[in-house]
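Have a look at the structure below, then the notes.
The values are calculated or read from the model by the stated rules, or taken from the named source; none is laboratory data. Just so it is clear, the model here is predicted, and its values are computed rather than measured. All Cβ positions, glycine included, derive from the backbone under ideal geometry; neighbour counts span all protein chains shown. Please note that ligands, DNA and RNA were not included when accessible areas were found on the heavy atoms of the full protein model with its side chains. Shrake-Rupley method; radii C 1.70, N 1.55, O 1.52, S 1.80 Å.
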Amino acid sequence: VQLQAYGGGLVQAGGSLRLSCAASGIIISFNSMSWYRQAPGNQRELVATMTMSGGTDYADSVKGRFTISRDNAKNMLFLQMNSLKPEDTAVYYCSARIFVTQENYWGQGTQVTVSS
């Protein structure tokens, strides 16, 4: 299983970014997919999850601003981030929880920096 996240960068507060995660070795629509983030000195936190059935869940801190989605044909996961705040600054990770084994897989992170 390989997960490659990209799309991070430097953006001003109030701006938007779209993160992408390309998956190989799994079919993302057959598994639960999530975005996590980790800021310096903080624990990794769950940002958004999409279940196999397409249901979504978000951390309270990003509700109404972030949207998780997937493209089944391309086997890709996305995170649209709007109205970004400096506190959204973190390394963002794509993660897969395999339905059959309940194993978790992680991709390399992509840095998101929001300037005030």
For this session: For residues that are farther than 15 Å from residue 108 by Cα and not β-branched (Val, Ile, Thr), tally how many sit in region 12-44.
Result: 16
For this session: Would you mind finding the one in 72, 42 that is in contact with a helix residue (DSSP H, G or I) (Cβ under 8 Å, 6 or more places away or on another chain) and open to solvent by 60 Å² or more (accessible area, probe 1.4 Å)?
Result: 72
Problem set entry | Boolean, residue 20 is over 17 Å from residue 6 (Cβ atoms) and touching a residue at least 12 places away in the same chain (Cβ under 8 Å) | no
For this session: Considering only region 45-68, state which residues are open to solvent by 30 Å² or more (accessible area, probe 1.4 Å), of a type in the set (S, T, N, Q), over 19 Å from residue 15 (Cβ atoms) and assigned to a strand (DSSP E or B).
Result: 56
